[in-house]
1. Any idea which residue in segment 103-141 is nearest to Arg165 (Cα to Cα), counting only those that are among the hydroxyl-bearing types (Ser, Thr, Tyr) and open to solvent by 70 Å² or more (accessible area, probe 1.4 Å)?
2. In this structure, is Gly223 modelled with pLDDT under 90 and either within 18 Å of Leu44 (Cβ to Cβ) or hydrophobic (A, V, I, L, M, F, W, C) (or both)?
3. Which numbered condition trips up Gly303, out of (1) touching a residue at least 40 places away in the same chain (Cβ under 8 Å); (2) out of contact with any Phe, Trp or Tyr (no Cβ under 6 Å at 6 or more places or on another chain)?
4. Do you know which residues across segment 49-82 are within 21 Å of Asp175 (Cβ to Cβ), open to solvent by 70 Å² or more (accessible area, probe 1.4 Å) and in contact with a Pro (Cβ under 9 Å, 6 or more places away or on another chain)?
5. Of Ala271, Ala253, which residue is touching a residue at least 24 places away in the same chain (Cβ under 8 Å), over 10 Å from the mean Cα position of the chain (by Cα), open to solvent by less than 40 Å² (accessible area, probe 1.4 Å) and more than 30 Å from Ser64 (Cβ to Cβ)?
6. Please specify each residue of segment 209-220 satisfying the condition of being surrounded by fewer than 15 Cβ atoms within 10 Å (Cβ to Cβ) and either in contact with a Cys (Cβ under 7 Å, 6 or more places away or on another chain) or of a type outside the set (A, V, I, L, M) (or both).
7. Can you tell me which residues in segment 302-320 are among the hydrophobic types (A, V, I, L, M, F, W, C) and modelled with pLDDT of 90 or more?
8. Any residue in segment 215-231 that's closer than 21 Å to Ala55 by Cα: show its pairings with residues that are of a type in the set (S, T, N, Q) and part of a strand (DSSP E or B) at Cβ separation under 8 Å, as long as the two are six or more apart or on different chains.
Amino acid sequence: ALAGLGLLAAASPLPTAAAAATTTASAPRPALTVSTTQPRRESLARRLPANGSVAAWQEASIGSESSGLRLAEVRVNVGEQVRAGQLLARFADDSVRADLAQARAGLQEARAALAQAQANAERARALSATGAMSQQEILQYSTAAQTAQARVAASQAQLEAQQLRLKHTRVLAPDAGVISARLATVGAVAGPGTELFRMLRRGRLEWRAEVGSSDLPLLRAGGRAMVTAASGAQVEGRVRVLAPTVDAATRNALVYVDLPEHPDIRAGMFARGEFVLGQHEALTVPLAAVVVRDGFSQVFEVGADGRVLMRRVQTGQRNADRVEITTGLTPEARVVQQGGAFLNDGDLVRVAPSDSAQEQPAAPVK
């Protein structure tokens with residue numbers, strides 16, 4: 001009997017241990033151990049992103065005004081800085097100088113003929129009172145003097161035309177700037193209007209940003225813009241003017257931004273930038289806390305029961321390693337700081353202790 005009672009006492013704890021094991025096996029296991037954070041209010045610069053192209057503020061086309069002359073000398077090349085009135089190229093002027101000398105001789109001959117005609121007219125008018133000459137002869141001498149005067153004027157105009165031709169054999173810069181293209185070739189015979197050089201006036205560049213019509217009221221002339229080139233170089237520009245019209249196809253308008261000189265920014269290149277519109281208060285979370293799924297931005301909020309709720313949010317601008325949350329999240333929410341890509345809505349998580357809790361000394365065991 002005693003042996004039987006001992007066997008029963010030894011066998012009695014077995015059902016209790018089995019029940020505990022069953023309970024442990026049925027308890028849900030956390031999907032991930034995560035750290036949490038709360039949204040933080042920060043003062044951010046309000047910015048309006050835009051894309052556009054860099055172009056010359058004004059581009060000058062320098063062409064030939066001579067006809068049938070050979071280009072004898074080219075003095076500048078692409079990329080050179082030039083000043084207003086600087087000699088860029090020169091045409092051969094031998095034939096023009098010969099024509100100019102001939103025009104001067106013609107003018108002298110016309111002036112001599114004018115002097116003779118005026119003297120004859122004066123003598124004829126002096127004899128008119130004596131009756132030695134008829135009125136018809138006197139009129140002929142007076143008309144000859146007027147004709148000689150007209151020939152002097154024509155010769156003078158021809159001389160000025162030849163002087164202008166000589167002046168056009170020298171191609172001068174109309175303004176200060178940078179030569180952006182050179183089409184002139186020594187020895188070529190260029191016709192009137194042939195483009196020889198292209199110049200960026202004063203070396204000024206501008207960023208022509210495309211902005212939606214709904215965002216135009218946010219911009220003003222004189223506002224700041226941070227422009228980033230393809231190489232990563234960043235410069236600060238100033239809004240010069242807003243386009244007076246909006247493209248009917250794209251509903252975008254151009255905003256012209258003056259840019260400072262920079263070796264990495266050139267006309268014709270694509271650039272992105274942001275218009276600085278002022279400061280505003282914003283709710284931000286770490287960038288790693290935002291998970292993008294199916295084209296939507298989401299964060300995981302940890303509930304009181306340890307399960308996560310997937311919240312769809314609207315994001316704003318990015319500031320270093322934090323991103324603005326415009327809608328979809330309250331300031332009191334606890335969100336998963338990182339690792340949200342491995343979670344689903346309703347998953348159970350284990351919240352890791354914060355650094356401050358880990359730094360506190362452990363309580364003594366009583």
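1. By that ranking, first place goes to Tyr141.
2. When the stated conditions are applied, Gly223 does not pass them.
3. (1)
4. Within segment 49-82, just Glu65 meets the criteria.
5. Ala253
6. Gly212, Ser213, Ser214, Pro217, Arg220
7. Within segment 302-320, Val302, Val308, Leu309, Met310, Val313 meet the criteria.
8. If the second residue must be of a type in the set (S, T, N, Q) and part of a strand (DSSP E or B), the pairs left are Met226/Gln234; Val227/Gln234; Thr228/Gln234.
The values are calculated or read from the model by the stated rules, or taken from the named source; none is laboratory data. Being a predicted model, the structure only gives us computed values, none of them experimental. Quick reminder, even Gly has a Cβ in these numbers, built from the backbone with ideal geometry, and neighbours come from all protein chains shown. Quick note on the areas: whole protein, heavy atoms, side chains included, nothing else; ligands and nucleic acids left out. Shrake-Rupley method; radii C 1.70, N 1.55, O 1.52, S 1.80 Å.
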